[in-house]
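Trainee: Can you keep this structure in mind? I'll have questions shortly.
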Number of protein chains: 2
Amino acid sequence: MPELRRGATNHRWVIVAPERGRRPSDFEQRGTELNDQVPDNCPFCAGNEDQTPSELYRSPSPDGTGWAVRVIPNKFPALQTYPDLGRESVDGFYDRMHGVGTHEVVIETPDHCSEFPALDEAQGLRIVDTYIQRLKTLMENPWFRYVLLFKNHGKEAGASLLHPHSQIIATPIVPQEVRDSLNIAKAYYEQKERCLFCDIMLAELRGGERIVEDANGFVTWAPYDARFPFELVIYPKRHSHDFTTMTAEERVGLARTLIRTTRRLKTLLGNVPYNFVLKTTPNPVARPGKPGYWSTLPYDYHWRIAILPRLTRVAGFEWGTGFYINPMPPEQAAAYLRDVEISEVS
Amino acid sequence: MPELRRGATNHRWVIVAPERGRRPSDFEQRGTELNDQVPDNCPFCAGNEDQTPSELYRSPSPDGTGWAVRVIPNKFPALQTYPDLGRESVDGFYDRMHGVGTHEVVIETPDHCSEFPALDEAQGLRIVDTYIQRLKTLMENPWFRYVLLFKNHGKEAGASLLHPHSQIIATPIVPQEVRDSLNIAKAYYEQKERCLFCDIMLAELRGGERIVEDANGFVTWAPYDARFPFELVIYPKRHSHDFTTMTAEERVGLARTLIRTTRRLKTLLGNVPYNFVLKTTPNPVARPGKPGYWSTLPYDYHWRIAILPRLTRVAGFEWGTGFYINPMPPEQAAAYLRDVEISEVS
């Protein structure tokens, strides 16, 4: 059964989610090439719906005969439903609780090979709408203090299936890194009465050297302290702390921006493995002041998406210290990505 | 020129160290198989000493004709010598300083293929003594606030050369993760007047289910909040905050423990890629109370080594939140490693 654990020498929670019957030798056999997977035996392809756990949500296909986007439970969920949190102390030092939460898969298209750069605006919008729909639903559950949306593209980025998909995990804790940035943004707001992220975005737009694109209501740039080559962030220009409150126009804008940005990466770097991660407000159902819950005012946080291409390997130095070495200055990465010619999103 | 950068939405420093003339397409060509490297053109092999930058230190070979361990500057250093720190604010939000520091390589043996599990006690001891010697020397420089010793074994763990080697990086900052654990240990000491790490070690020994080995003055176990399958820590049983103050007996004990532990991993998991990372006191030359420096009392910190096998891929979820999923419970990992039969260290 999945379990959440926290040690005594740092504040980091870890999910221990044993996969049934896995033995030491099984870890070595993980090197399946994703390209070996063909649509015939892909559980995410149209026609193979009976190979997946039962559907949680679908966005119908334009002709009404099938689906365009589909959400299913993860077959090997990192977190599950439990009747209670089961918080307790272990050995006097450690903290544990049940692995309470959910783990869902968003199948982005019925087509085995249509990754983000190949999508049209309409399909991009269906995916964005699906993300919002699922986040809204999960945030109705007050036990889920944080909902994480992310995508692993390519084996090097952690994907175990080639078929285009992203994942949503709801957790009973707000992860430490999210709490740190919430605290920093809150302190800034208290001092300035302005959103830290809005201020950074305006400074980046004024400077310009790290900007990749300012279009469709979103600004895409290579952050000053990028940990990875070609790391990017996408901020909505309109201040908003909550991804699920996007306007209709912004949803279209985000779809276009995701397609355009992944097109840039693909044109410049080929089929590069990458992760994208949404950062948004902790679940607003949680009441401010209630212990363990994090109040976000609508003013002092700003939702955004990080895109992390996996071109370098993270090594001992990084694991030991959280201190990263990036061989590609973000100014140079932005210049390369700005200058790439991409086709218009249809 | 390498540069240290810190953004505005977290406290993490990043080293931006451009490799000269590297273009986007160069990142894709990194997949050289380490096994293709043969001793003939290996710069770390005996006989090829002229292919490396000039030697910083050597431990002579037992017959006195050559070297047994050799320390050289890294050919592509992440950090360099500068006349000043060059700290400044950038765009009103960011912090930068020159990439001040050093980056050294410890060639662990003249033999291309003698990894840790294959070493005898004498060679293991020469390596441990070399580590201590270099750390002591680097800690004479008050600009180096932290010295990090680590090893990347195998391509998946970030190694770019097959020949057995480890690395030492001295930095002008104490990395955030180290500061966090220093703060936690300090708060514990203030409350209890006992070392947090000693207390955890004793509790682990009492419980026993996560212990791999209690021998030669060191305790090896799988931590309660292990992020990775078969992750291990090695603690000296005698309380000490500073790796460089090991007794003669402890140096032998550590050599034996490193050989025995890597033997266990290799016997159980094959030639598994792994990182090991030393955690020790920040540079004690730094005076307590001086801003930006971290005082460690001899009482409230405990040096230790973490071993992180690279069997799973870190994916979007982890990068986005610092929240890890571990499919192998540490209790089970410890049982497997405890039961492995290994040959005696000669």
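The values are calculated or read from the model by the stated rules, or taken from the named source; none is laboratory data. On a predicted model such as this, the values are computed, not experimentally measured, just so you know. Don't worry about glycine lacking a Cβ; one is built from the backbone with ideal geometry, like all the others, and counts go over all protein chains shown.
Trainee: Being in a loop (DSSP other than H, G, I, E, B) and more than 24 Å from the chain's Cα centre (by Cα), is that true of even one residue in region B:94-102?
Mentor: Taking every residue of region B:94-102 in turn, none turns out to be in a loop (DSSP other than H, G, I, E, B) and more than 24 Å from the chain's Cα centre (by Cα).
Trainee: Could you run through region A:79-110 and say how many residues are free of Cβ contacts under 8 Å to residues at least 12 places away in the same chain, more than 14 Å from chain B (Cβ to nearest Cβ) and either under 15 Å from A:Arg134 (Cβ atoms) or among the acidic types (Asp, Glu) (or both)?
Mentor: Number of matching residues: 0.
Trainee: Now for a separate question. Restricting attention to region A:147-156, which residues are buried (at least 22 other Cβ atoms within 10 Å of the Cβ) and either more than 8 Å from every other protein chain (Cβ to nearest Cβ) or part of a helix (DSSP H, G or I) (or both)?
Mentor: Across region A:147-156, the qualifying residues are A:Val147, A:Leu149, A:His153.
Trainee: Does B:Arg70 satisfy the criteria of being under 30 Å from A:Glu209 (Cβ atoms) and part of a strand (DSSP E or B)?
Mentor: Taking the combined requirement at face value, the residue does not satisfy it.
Trainee: Separate question: Which number in (1) more than 14 Å from every other protein chain (Cβ to nearest Cβ); (2) loosely packed, with under 15 Cβ neighbours inside 10 Å; (3) over 30 Å from A:Phe197 (Cβ atoms) marks the one condition that B:Phe76 misses?
Mentor: It fails just one condition, (1).
Trainee: I want to confirm something. Restricting to region A:103-121 and keeping residues that are outside any loop (DSSP other than H, G, I, E, B) and out of contact with any helix residue (DSSP H, G or I) (no Cβ under 8 Å at 6 or more places or on another chain), which single residue is nearest to A:Met139 (Cα to Cα)?
Mentor: If we take residues in region A:103-121 being outside any loop (DSSP other than H, G, I, E, B) and out of contact with any helix residue (DSSP H, G or I) (no Cβ under 8 Å at 6 or more places or on another chain), then A:His103 is nearest to A:Met139 (Cα to Cα).
Trainee: Moving to a separate point now. Of the conditions (1) closer than 18 Å to B:Tyr301 by Cα; (2) touching a residue at least 12 places away in the same chain (Cβ under 8 Å); (3) of a type in the set (Gly, Ala, Ser), B:Ala187 satisfies every one except a single condition; which number is it?
Mentor: That leaves (2) as the condition not met.
Trainee: Mind checking whether some residue in region A:201-208 is among the acidic types (Asp, Glu), more than 27 Å from A:Arg145 (Cα to Cα) and surrounded by fewer than 23 Cβ atoms within 10 Å (Cβ to Cβ)?
Mentor: no
Trainee: Checking B:Trp143 against (1) buried (at least 22 other Cβ atoms within 10 Å of the Cβ); (2) in a loop (DSSP other than H, G, I, E, B), which single condition isn't satisfied?
Mentor: It is condition (1) that B:Trp143 fails.
Trainee: Another one. Given the structure, is A:Val100 surrounded by 14 or more Cβ atoms within 10 Å (Cβ to Cβ) and in contact with a helix residue (DSSP H, G or I) (Cβ under 9 Å, 6 or more places away or on another chain)? Working first, answer last.
Mentor: On the way: surrounded by 14 or more Cβ atoms within 10 Å (Cβ to Cβ): yes; in contact with a helix residue (DSSP H, G or I) (Cβ under 9 Å, 6 or more places away or on another chain): no.
No.
Trainee: Can you pull out the residues in region A:269-284 that are buried (at least 21 other Cβ atoms within 10 Å of the Cβ) and more than 13 Å from A:Ala306 (Cα to Cα)?
Mentor: A:Leu269, A:Val272, A:Thr281, A:Pro282, A:Asn283
Trainee: Filter region B:45-67 down to the residues that are in contact (Cβ under 8 Å) with a residue 60 or more places away in the chain and either in a loop (DSSP other than H, G, I, E, B) or more than 19 Å from B:Gln133 (Cα to Cα) (or both) and list them by number.
Mentor: Narrowing region B:45-67 to residues in contact (Cβ under 8 Å) with a residue 60 or more places away in the chain: B:45-46, B:56-57, B:59, B:62.
Residues satisfying the conditions are B:Cys45, B:Ala46, B:Leu56, B:Pro62.
Trainee: Report, by residue number, each residue of region B:161-208 that is among the small types (Gly, Ala, Ser) and in contact with a Leu (Cβ under 8 Å, 6 or more places away or on another chain).
Mentor: B:Ser166, B:Ala170, B:Ala185
Trainee: Would you say B:Glu88 is of a type in the set (D, E, K, R) and crowded, with 17+ Cβ neighbours inside 10 Å? Give the steps one after another, and end with the answer.
Mentor: Working: of a type in the set (D, E, K, R): yes; crowded, with 17+ Cβ neighbours inside 10 Å: no.
When the stated conditions are applied, B:Glu88 does not pass them.
Trainee: Just checking, how many residues over region A:127-147 are within 11 Å of A:Val69 (Cα to Cα) and touching a Leu at 6+ places or on another chain (Cβ under 9 Å)?
Mentor: Counting residues in region A:127-147 that are within 11 Å of A:Val69 (Cα to Cα) and touching a Leu at 6+ places or on another chain (Cβ under 9 Å) gives 3.
Trainee: Hey, among the residues in region B:157-179 that are surrounded by fewer than 18 Cβ atoms within 10 Å (Cβ to Cβ) and of a type outside the set (A, V, I, L, M), which one's modelled with the highest pLDDT?
Mentor: B:Arg179
Trainee: When you look at B:Asn48, is it surrounded by 14 or more Cβ atoms within 10 Å (Cβ to Cβ), at pLDDT 90 or above and within 14 Å of another protein chain (Cβ to nearest Cβ), yes or no?
Mentor: No.
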